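The values are calculated or read from the model by the stated rules, or taken from the named source; none is laboratory data. Since the structure is predicted, the reported quantities are computational estimates derived from the model, not experimental observations. Because the Cβ atoms are built from the backbone with ideal geometry, glycine has one as well, and the counts that use them run over all protein chains shown. Heavy atoms of the whole protein, side chains included, go into the accessibility calculation; ligands, DNA and RNA do not. Shrake-Rupley method; radii C 1.70, N 1.55, O 1.52, S 1.80 Å.
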Amino acid sequence: GHSFGGRIATRIASFNPEWLAQLILIGAPCLYMPSQKVRLLKRIAKVVKMLGLTSNPLSLNSELTEADKKGMGEIYRRVVSYDQTEELKKIHARTLILRGIDDTYPSDEVCSTMHQLVQSSTYEVLPGVGHNIHLENPTLLYGIVRKFIIL
């Protein structure tokens, strides 16, 4: 599962562990571990809202801004802040966690913690790629996935 698809794969794997023998999570932000900057911006946003301002001029998240415009901001906030710690602990399948070195979401801290939570996992950081490893270097991804599946 890539990105949000990794969240879905994690959910399925934790509730139906007998369904799979192996799992690959690529740039999957399964844990909610906001940075200091994000925590500060959330506090500022609450103050802005309390003051009755309808739009947040401090928003640096274009996806959230777009979701708000479409009336889906609350759904976006709930999805992004959904933490799958307990679900990750239930996964017993051999799992490969991949993250591009230039990927900022999920962070290395998130992926390292996911690796600690999933019993039979391996965590690899791939050089020269960001969040969309499958588009940026499909040959590299293919080789890593193929090696993982065959072993």
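From the list 64, 58, the lone residue that is farther than 19 Å from residue 3 by Cβ and at pLDDT below 85 is 58. For the criterion of being open to solvent by 70 Å² or more (accessible area, probe 1.4 Å), at pLDDT 95 or above, basic (Lys, Arg) and under 26 Å from residue 35 (Cα atoms), residue 89 passes.
Which pairs do you get when a residue that is under 19 Å from residue 145 (Cα atoms) and open to solvent by less than 40 Å² (accessible area, probe 1.4 Å), found in the range 109-123, comes within reach of a residue that is modelled with pLDDT of 95 or more and aromatic (Phe, Trp, Tyr), reach meaning Cβ atoms under 6 angstrom, with the pair 6+ apart or on two chains? Sorted first by the residue in the range 109-123, then by its partner, the pairs are 111/123. Within the range 132-151, the set of residues being in contact (Cβ under 8 Å) with a residue 24 or more places away in the chain and open to solvent by less than 50 Å² (accessible area, probe 1.4 Å) comprises 133, 141, 144, 145, 148. Screening the candidates 47, 80 for the property of being modelled with pLDDT under 95, surrounded by 15 or more Cβ atoms within 10 Å (Cβ to Cβ) and not small (Gly, Ala, Ser) yields one hit, 80. Taken together, 40, 117, 98, 140 contain a single residue that is over 18 Å from residue 27 (Cα atoms) and either more than 19 Å from the chain's Cα centre (by Cα) or not hydroxyl-bearing (Ser, Thr, Tyr) (or both), which is 40. The set of residues in the range 1-45 being closer than 16 Å to residue 78 by Cβ and not aromatic (Phe, Trp, Tyr) consists of 7, 8, 11, 29, 30, 31, 34, 38, 42, 45.
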